[in-house]
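Below is one structure, written out as structure tokens; the observations come after it.
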Amino acid sequence: MSSPRSSSVLERPAVTPRAARPSANLRLRRKIKENLTAYGLLCAALACFAIFSWYPIVRGVLLSFQQVDFVNDPSWVGFGNFTKLFEDPLFGVAWRNTLLFTGLALVFGFFVPFLTAVLLNELRHAKAYFRLVVYLPVMLPPVVTALMWKWFYDPGSGLFNQGLDAVGLPTSQWLDSSTTAMLSLVFVSTWANMGSTTLIYLAALQTIPGELYEAAELDGAGMWKRLRHVTFPQTRFVLLVLLLLQVVATMQVFTEPYVMTGGGPDDSTVTVLLLLYRYAFVYNDFGSASAMSVLLFVALGVFSAMYVRLTKEAS
Amino acid sequence: MRTLISPSQLRSRKGKTIYWVVLVLTLVLFTIAFLFPLYWAVTGAMKSSSELAKVPPTLVPEQWHPETYVQSWKEMDLGKYFLNTIVVAGGAWLVQLAVDVPAAYALSKLRPKLGNLVLGLMLATLMLPAAALLVPTYVTVADLGLLNSPAAIWLPAAANAFNIYLLKRFFDQIPDEIVEAATIDGAGPVRIMARIVLPMSRPILAVVSIFAVVTAWKDFIWPLLVFPDTGKQTLSVMLQRVAIDMPLNLLVAGLVLASVPMVLLFLAFQRHILAGLTAGSLKG
């Protein structure tokens, strides 16, 4: 980073070599000292990354090809863990459920916050209040949210059915039916997380220059056209980044199904991460669990890489 | 500021009517959607067990039982779990600052050889879904004998490429001339960091600090794995564990109590949290 600049500084004294030699020597000594100090300051971070990030990455791949039972030494099983996973009927179910969750979460968690942000951006009053309440659920611990909603969802005395009943709408079994359980989990997760997405969109909307809307209006564009041709393209980048982020996050959904349904009813909410958890911490099969991690990484690596690239470009 | 809807449209009689209708509808909808569930929980905890199960439910408790909160605190030994959670979150905060700030400073201002490679390797970990590291990191933590120790949360939390990146970008904006001038005055790098750079970096330190605490407080899956000893668990893990056996009103009271610190934190540091939201997620 600094090399071109320092080399140009070094070139100049070359005209007067007698004066340059000691100062170049000094400069080198200073450079070494600076590097040592820098690595001194970096060493704690390097150790943490090495032990808890870089090494586990390698170890995860190795584990996925090993059988680990903590009694005998780990043994190599080739692709045995992977074939074992593919033979597990729950494996396909878990991926289907996870994709369903991600798909539904995108429909709700992606478009609802965007439309909410567009709406809030138009409102001139109570802005602070809207920002406050929409973000409040984000602060609650996810376990608290999940347990609270489990209570709201209770088919008998729960808040939702009571509310629906009061206004004469049909009630639902929510978490207790395999057809609605996943959808119910998506609602919770949308409620809990939409605050952050909404506010990020809102921030993006506020950077759109007003002249663009004026120009579009002069060209005779109605509200929908302005939304499509001004608002949408101007926020495209943020939309794309959050889309990638959300795919990566929702594909790893765990807390809601673990706390609220335990994977049921009829395995309708078993997700990839829930199955991974079972393999590792219920069946004590760390090899197969690692194989599952590797598959999840392969599935999500592209999205993550795109996200990191885009955000790096932006800065 | 000009937005989607033009000021002239808003000024018309029709525009005004629509605006106020939409505003009131949004206000009501937002309050019902985001505040009412919280109200329901706070007051629900104060209803008697029989009233909680009643159909139709009561909007305001017929009989107030605020003592449920005290009872819940005692029954679940909440004091102990609050302390556990504070140790976990507070430690995660301090360790992250102690590890990530010097690292970001070194990468930004001292620019050592291979510094960019180091930063690249750190940023590369962001591409990994957290779930992919769950098992191998757990096995590593277990090998190191860190299970049941808060260090099992603190140390992996410090390997946070996001923090280092955010901090480095902020330090990059501080002119090198200031650092050079201090060097000429004889101050060493550590002194410059502590006396000059950090005081200038309060906003980003606040963002990193708050997010460190909030993340640790909210986390569930990692503390669930690394605290097999039930007495060492954090609030989230404990609440989940006892949820099925607890009387509903006591459980709900516990849920409310466990959220209070985060809600207060939000009310106190709203500006920082909302600013950090855009900084943290888009890094731009």
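The values are calculated or read from the model by the stated rules, or taken from the named source; none is laboratory data. These figures come from a predicted structure and were not determined experimentally. Using ideal geometry, Cβ is built from the backbone for each residue, glycine included, and neighbour counts are taken over all protein chains shown. Keep in mind that these areas ignore ligands, DNA and RNA; they rest on the heavy atoms of the full protein, side chains included. Shrake-Rupley method; radii C 1.70, N 1.55, O 1.52, S 1.80 Å.
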> To the nearest 100 Å², how much accessible surface do chains A and B cover up together, summed over both, with a 1.4 Å probe?
Replying inline: 9600
> Modelled label-to-label distance, B:PHE36 and A:ASN72, 7 Å Cα→beta-carbon offset: nm?
Replying inline: 6.0
> For segment B:59-148, which GluC sites (Glu not before Pro) are in a loop by DSSP, counting at most 16 other Cβ atoms within 10 Å?
Replying inline: B:GLU62
> Could you state the number of Å between the C-alpha centres of segment A:277-315 and segment A:34-93?
Replying inline: 12
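Mind giving me the FRET efficiency for A:ARG124 and A:TRP224? R0 is 30 Å, r the Cβ-Cβ distance, nearest 0.05 is fine. Working shown, then result.
Numbers: r = 21 Å, r/R0 = 0.71.
With a Förster radius of 30 Å, E is 0.90.
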> Going down the list A:LYS84/B:LYS218; A:LYS127/A:LYS312; B:LYS113/B:LYS218; A:LYS150/B:LYS74; B:LYS168/B:LYS218, which pairs span over 29 Å between their C-alpha atoms?
Replying inline: A:LYS84/B:LYS218; A:LYS127/A:LYS312; B:LYS113/B:LYS218
>> Can you pull out the trypsin sites (Lys or Arg not before Pro) in segment A:160-251 whose DSSP state is coil and whose Cβ has at most 14 other Cβ atoms within 10 Å?
In response: none
> Where in chain A are the helices, taken as whole DSSP H runs, whose Cα atoms extend 30 angstrom or more along the long axis and whose Kyte-Doolittle mean reaches at least 0.5?
Replying inline: A:181-205, A:286-314
>> Once each part is reduced to its C-alpha centroid, what is the distance from segment A:211-246 to segment B:187-239 in angstrom?
In response: 38
> What is the distance in Å between the Cα centres of segment B:83-144 and segment B:18-51?
Replying inline: 40
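Which FRET efficiency, nearest 0.05, do A:LEU169 and A:LEU36 yield, Cβ-Cβ r, R0 51 Å? Walk me through the intermediate numbers first.
On the way: r = 70 Å, r/R0 = 1.38.
That pair, A:LEU169 with A:LEU36, gives E of 0.15.
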> Helix B:130-143 versus the longest principal axis of chain B: what angle, 0 to 90°, nearest 10, using Cα atoms?
Replying inline: 70
> Looking only at chymotrypsin sites (Phe, Trp or Tyr not before Pro) in DSSP loops with at most 15 other Cβ atoms within 10 Å, what is the longest site-free stretch of chain A?
Replying inline: A:80-282
> Simple spin-label model, 7 Å along Cα-to-Cβ: B:LEU25 to B:GLU177 in nm?
Replying inline: 5.6
